[in-house]
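A short reminder: the numbers here are calculations on the coordinates, not readings from a lab. Since the structure is predicted, the reported quantities are computational estimates derived from the model, not experimental observations. As a convention, Cβ positions derive from the backbone with ideal geometry for all residues, glycine included, and neighbour counts pool all protein chains shown.
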């Protein structure tokens, strides 16, 4: 029997490129309204994705791409912690 499953593709909130979900970083807005970096790719909440490229990460922070994706403001302390974690993860 053939496996006809298609990969789960998602769009980068920063550059708009569509690619496989597993090659992107996932950011989640949970029920409490906090925005966090989802390293496991399976946390509950509304998800947005960013390429694992530092240029996309910086562009997302500068242009407030995640706020547009979630259609909500991100608390300043959440945003600072979020992008600090993402930079650390991307840089190795």
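Add -39500 (n - 2.57) for each DSSP H run of 4 or more in the chain, then divide by its residues: what number comes out at 222 nm, to the nearest 500 deg cm²/dmol? Intermediate values should be presented prior to the final figure.
On the way: 3 runs with 32 residues, N = 92.
So the helix-based figure for the chain works out to -10500 deg cm²/dmol.
How high is the FRET efficiency from residue 73 to residue 9, r the C-beta distance, R0 22 Å, rounded to 0.05?
Working: r = 28 Å, r/R0 = 1.27.
After rounding to 0.05, the efficiency reads 0.20.
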Query raised in the report: Along the Cα-to-Cβ line of residue 90, 7 Å from the Cα, sits a label point; which residues in the stretch 13-50 have backbone N less than 13 Å from it?
Result: 13-16, 24-27, 49-50
**Report entry** Percent RCO, i.e. relative contact order, over the chain, from Cα pairs under 8 Å lying at least 6 residues apart
**Finding:** 26 percent
